[in-house]
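The values are calculated or read from the model by the stated rules, or taken from the named source; none is laboratory data. These numbers were taken from a predicted model, which means no experiment stands behind them. Cβ sites come from the backbone with ideal geometry, for glycine too, and all protein chains shown count toward neighbours.
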Amino acid sequence: MAVPFRRVSKTAKRKRRTHDKIAAPTLLKCPNCGEYMVAHHVCKSCGYYKGVKVL
Ligand SMILES: [Zn+2]
């Protein structure tokens, strides 16, 4: 919500921003080729997703 910046204390602002960080993507080994891949994404090295050739 838009609030004049002096109305929000440093602590409240910092506490809100603790949730702003982005998490590192989950890396797992591809069950098809064994390469590391990002979870819920097509494998970049063999092009398989859930056992199906996509690329
Ligand atoms: Zn793969």
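Restricting the search to segment 40-51, which residues are in a loop (DSSP other than H, G, I, E, B), surrounded by 11 or more Cβ atoms within 10 Å (Cβ to Cβ) and either near the ligand (Cβ under 7 Å from one of its atoms) or of a type outside the set (Val, Ile, Thr) (or both)? Answer for segment 40-51, where residues must be in a loop (DSSP other than H, G, I, E, B), surrounded by 11 or more Cβ atoms within 10 Å (Cβ to Cβ) and either near the ligand (Cβ under 7 Å from one of its atoms) or of a type outside the set (Val, Ile, Thr) (or both): CYS43, LYS44, SER45, CYS46, GLY47.
Which residues, taken from segment 18-39, are within 14 Å of the ligand (Cβ to nearest atom) and either of a type in the set (A, V, I, L, M, F, W, C) or under 13 Å from the mean Cα position of the chain (by Cα) (or both)? Listed by number, the residues that qualify are LEU27, LEU28, CYS30, CYS33, MET37, VAL38, ALA39. Contact map, segment 36-55: residues that are more than 14 Å from PRO25 (Cα to Cα) paired with residues that are modelled with pLDDT of 90 or more and acidic (Asp, Glu), Cβ distance under 6 Å, separation 6+ or inter-chain. Pairs shown: SER45/GLU35.
Is it true that LYS44 is among the basic types (Lys, Arg), touching a strand residue (DSSP E or B) at 6+ places or on another chain (Cβ under 7 Å) and at pLDDT 90 or above? Against the criterion (among the basic types (Lys, Arg), touching a strand residue (DSSP E or B) at 6+ places or on another chain (Cβ under 7 Å) and at pLDDT 90 or above), LYS44 qualifies. Restricting segment 8-25 to residues that are assigned to a loop (DSSP other than H, G, I, E, B) and surrounded by 10 or more Cβ atoms within 10 Å (Cβ to Cβ) leaves a set whose member that is modelled with the lowest pLDDT is PRO25.
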